[in-house]
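Taking it in order: structure first as structure tokens, then the write-up.
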């Protein structure tokens, strides 16, 4: 690749704004020879000829049956060219096909109406450069020369939840468990920390989320950018990437995975395409997903195991049973996976739905029987012992566990529990 002029990216990404002379220009050999090829991101390339205002750009590259396809856009500033908003042609293109190159050359020559430009040569050069660049890929780097991530800034801690700032997380649970409401609440809290946030929505509408945001933040709504999505995520990449870039957004909520898939969620290929699209969009992200109805449904999101494997962090959300006329719901959150740090302890929220306000208040999961069942014996013991020591028999009865399980847990976790005289167990005082 040749070094690119600083203006080439503007040439490739924005409409040409310079005023073109109405008289037919004299295209010189020097102007035609000044060609600048540039990679823009991981799957976007541009060949520009600034001297005559022509640029060939390909985006959304993908392989199909060992052939490379993409969306080819050709811009032209030359007077007399039959363009639409500066574009001669925008259409899908097979870079690996000789026949496709010949057909596109004829189309471009006919629409440009300029004999001095050898469109066949331009298309051929562009295809060869893109194919070569695609084979080479990103250059290798020496890991020793990369900066270490800062543990204090690489995670977003909001309302007790730890979420990777630069990688995808998944929040999964059954229908009606307040997943979307909680995701919007977390987005607002993240925005209050000064991080630009967006909500990409496949389920509701902007006015619905606006109403919820005002209910959640009645004292002043934080700025959350919103985009309604109608197509699967793989087809929304350009749209959402542009929103992220134009608004300097660093974190986004995707609601929800099932509606954003371009295939069955059970297929590994669907999950793979989804996470590749997320990577192209950039930034950190929280993805709302559902659970299966089978056994151990609280361990992983619904669908292929790659939904769990592809996320760097997953949280399961559980709704405690409530009466039909109750305005207060109890939800528990359980950290099922954390690649970039330790697993976080379970946490809960009491969600109150008022006439004008919806509030989330932190609670202890152990205080709600339906949610406490999701805790480990160690976690339930720690909660029960906050009020003082108890005998192993008492703990076994309250937790519905065997006495020897209580004894084994107490002795295996000496950093947390202390076994006292008379078979009583207490919490070990933590040093501050």
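Considering 62, 44, the condition of being modelled with pLDDT under 95 and more than 23 Å from residue 83 (Cα to Cα) is satisfied by 62 alone. Out of 99, 115, one residue alone is modelled with pLDDT of 90 or more and over 28 Å from residue 277 (Cα atoms). It is 99.
Would you mind finding the one in 63, 75 that is assigned to a strand (DSSP E or B), within 19 Å of residue 50 (Cβ to Cβ) and either in contact (Cβ under 8 Å) with a residue 12 or more places away in the chain or not assigned by TED's automatic domain parsing to the domain that holds residue 250 (or both)?
Only one candidate qualifies: 75.
Just to check your reading of the model, which residue among 161, 107, 186 is assigned by TED's automatic domain parsing to the domain that holds residue 255, modelled with pLDDT of 90 or more, in contact with a strand residue (DSSP E or B) (Cβ under 7 Å, 6 or more places away or on another chain) and more than 25 Å from residue 233 (Cα to Cα)?
Numbers: 107 fails: assigned by TED's automatic domain parsing to the domain that holds residue 255; 186 fails: more than 25 Å from residue 233 (Cα to Cα).
Residue meeting the stated conditions: 161.
Contact map, region 151-176: first residue free of Cβ contacts under 8 Å to residues at least 24 places away in the same chain, second residue part of a strand (DSSP E or B) and surrounded by 19 or more Cβ atoms within 10 Å (Cβ to Cβ), Cβ cut-off under 9 Å, separation 6 or more or different chains; pairs are 157/163.
Residues in region 231-251 that are outside any helix (DSSP H, G or I) and touching a residue at least 24 places away in the same chain (Cβ under 8 Å) were compared, and the one that is surrounded by the fewest Cβ atoms within 10 Å (Cβ to Cβ) is 248. Here residue 400 fulfils each of the conditions (1) farther than 13 Å from residue 331 by Cβ; (2) surrounded by 14 or more Cβ atoms within 10 Å (Cβ to Cβ) apart from (2).
The values are calculated or read from the model by the stated rules, or taken from the named source; none is laboratory data. Here the structure is a predicted model, which means the values were calculated and not measured. Cβ atoms come from the backbone with ideal geometry, glycine included; neighbour counts cover every protein chain shown.
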